[in-house]
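To keep things clear, I will list the structure first and then write my remarks on it.
The values are calculated or read from the model by the stated rules, or taken from the named source; none is laboratory data. Being a predicted model, the structure only gives us computed values, none of them experimental. As a convention, Cβ positions derive from the backbone with ideal geometry for all residues, glycine included, and neighbour counts pool all protein chains shown. Heads up: the accessible areas ignore ligands, DNA and RNA and are worked out on the full protein's heavy atoms, side chains in. Shrake-Rupley method; radii C 1.70, N 1.55, O 1.52, S 1.80 Å.
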Amino acid sequence: MKIALFGGSFDPVHREHVRYVQAAKDALGLDRVIILPAGLAPHKARGAFASGEDRLAMCRIAFGAYPWAEVSDFEVCEEGRSYTYLTCRHFAAEYPGAELYFLVGEDMLEDFFTWKNPDEILSLVTLIACGRGEKTPQALHEKFRARFGKDFQVVPFMGEAVSSRLLRVDLAFGKRPASLDGKVYDYIRTGRLYTHAAIAPALALEKETRREHSYRVARMAVGRAASAGISEEKALLASALHDCGKYVPLTSPLLEDFTPPDNVPPPVMHQYTGAYLARHCFGIEDEEVLDAIRYHTSGKAGMTPLGMLVYLSDLLEEGRDFKGIDRLRALFRTDLEVCLYHSLKDQLDYLKQSEKSVYPLTDQAFRWIRGVIKDKN
């Protein structure tokens, strides 16, 4: 009997997961595929955003039409982190004599060298990889053979690049991702998964075009958050609410107890009203999130990584277009501090050349980040 194990967070499960499993079954002649939502994945700083029960339910919906697919709660029910070598050990004992495979995407394959007890995993299963988007795992063969003395196999399938974290942004903004099965989407909406109570009412204060801007900012921020060591939840929340004060006048009853700082230019004021609304109207108490909203237009000295992330995502989201933006976007993907330095420098140079006034906090932010960059070098 040929059995493949397919592990992952499935947070949420999407169509590419199903397509990959179908391709693997056809290519390898599998008799059964066991889908294993993780409990607490070792490579992630936090647990899944949806509960184990919800992720099991979504997987059962997504794979329900395939009698050869089984959704197992083994890892969800295990205490502690979900280590693949323990999963492989368990199923090797449960199916003695079976030919076992373990399915991974290329993103996981690249990290396999850092997994716990990878040699034991390869003694129990054959590793199977597929491509993601335009990538191919072929370049890893030589490195893999040199380290483990054996090779992984490749399923002839090139899936589309679908990011679960960006799906979560879509869902938080009330959008319906095309890569989600309709019944899975219905389950998510009924259970109000991947939402935050503050986001919808905050977005309701914005014009439609501004809501789309906030959505693009959130996608950019969340897409970069993990690699920058920043909380995805905070990146999403600060990005989604950063412009909630944009169209709320100071005379609004929502700002009845708001005291504006002195000498704030009109284009900057909404960062302060936004932070006030986030706290007093939408119940946000996280000071780091509030601070990121409060200075997302001006910047300030001593910005947190979250503050830099939101400031830069607001400036560089895909709807923006100005001279030098491609260079800044490339820096954004590699070093937030260097990107902030060049962004502020370009802005100050433009303001000075245009003989426009510079808001003091922006000048202070530039002087601070210049010192940070100098110290790094």
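Please work out which residue is modelled with the highest pLDDT, limiting yourself to the range 351-368 and to residues that are of a type in the set (Phe, Trp, Tyr) and open to solvent by less than 50 Å² (accessible area, probe 1.4 Å). Even if it seems obvious, please write down each step before you answer.
Initially, the range 351-368 is screened for residues of a type in the set (Phe, Trp, Tyr), giving 359, 366, 368.
Remaining after also requiring open to solvent by less than 50 Å² (accessible area, probe 1.4 Å): 359, 366.
On the way: 359: 94, 366: 97.
Residue satisfying both the conditions and the ranking: 366.
Test residue 20 against the stated conditions and say whether it is in contact with a Lys or Arg (Cβ under 7 Å, 6 or more places away or on another chain) and not in a loop (DSSP other than H, G, I, E, B).
Numbers: in contact with a Lys or Arg (Cβ under 7 Å, 6 or more places away or on another chain): no; not in a loop (DSSP other than H, G, I, E, B): yes.
No: the conditions fail for residue 20.
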Can you find even one residue in the range 324-336 that is crowded, with 23+ Cβ neighbours inside 10 Å and either on the phi > 0 side of the Ramachandran plot or out of contact with any helix residue (DSSP H, G or I) (no Cβ under 8 Å at 6 or more places or on another chain) (or both)?
no
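Consider residue 264 carefully, then state whether it is open to solvent by 20 Å² or more (accessible area, probe 1.4 Å) and β-branched (Val, Ile, Thr). Walk me through it before giving the result.
Details: open to solvent by 20 Å² or more (accessible area, probe 1.4 Å): yes; β-branched (Val, Ile, Thr): yes.
Yes, satisfied.
Please pick out the residue among 30, 36 that is over 16 Å from residue 10 (Cα atoms) and either within 20 Å of the chain's Cα centre (by Cα) or not in a helix (DSSP H, G or I) (or both). Let's see the steps before the verdict.
Details: 36 fails: over 16 Å from residue 10 (Cα atoms).
The unique qualifying residue is 30.
In the range 313-322, which residue that is among the hydrophobic types (A, V, I, L, M, F, W, C) and in a helix (DSSP H, G or I) is surrounded by the most Cβ atoms within 10 Å (Cβ to Cβ)?
Going residue by residue through the range 313-322, those that are among the hydrophobic types (A, V, I, L, M, F, W, C) are 315-316, 322.
Now drop any that are not in a helix (DSSP H, G or I), which leaves 315-316.
Details: 315: 24, 316: 21.
Out of the qualifying residues, it is 315.
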Any idea how many residues of the range 291-300 are in contact with a Gly (Cβ under 9 Å, 6 or more places away or on another chain) and over 12 Å from residue 243 (Cα atoms)?
3
Among (1) closer than 21 Å to residue 5 by Cα; (2) under 20 Å from the mean Cα position of the chain (by Cα) - the single one residue 127 does not satisfy:
(2)
Find the helices (runs of 4 or more DSSP H) located wholly in the range 94-189 whose residues include 2 or more that are of a type outside the set (Asp, Glu) and loosely packed, with under 13 Cβ neighbours inside 10 Å, and list them.
141-148
Could you look through the range 237-257, keep only residues that are open to solvent by 30 Å² or more (accessible area, probe 1.4 Å), within 34 Å of the chain's Cα centre (by Cα) and in contact (Cβ under 8 Å) with a residue 12 or more places away in the chain, and pick out the one that is nearest to residue 222 (Cα to Cα)?
246
What number goes with the only condition from (1) without any contact (Cβ under 8 Å) to a residue 12 or more places away in the chain; (2) within 24 Å of residue 174 (Cβ to Cβ); (3) more than 25 Å from the chain's Cα centre (by Cα) that residue 280 does not pass?
(1)
For the range 190-236: of the residues being loosely packed, with under 14 Cβ neighbours inside 10 Å and aliphatic (A, V, I, L, M), which is nearest to residue 16 (Cα to Cα)?
197
Quick check: anything in the range 218-228 aliphatic (A, V, I, L, M), under 30 Å from residue 101 (Cβ atoms) and touching a residue at least 24 places away in the same chain (Cβ under 8 Å)?
yes
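Of the residues 150, 135, which is of a type outside the set (Asp, Glu) and modelled with pLDDT under 85? Please lay out each step first, then the result.
On the way: 150 fails: modelled with pLDDT under 85.
From the options 150, 135, the qualifying one is 135.
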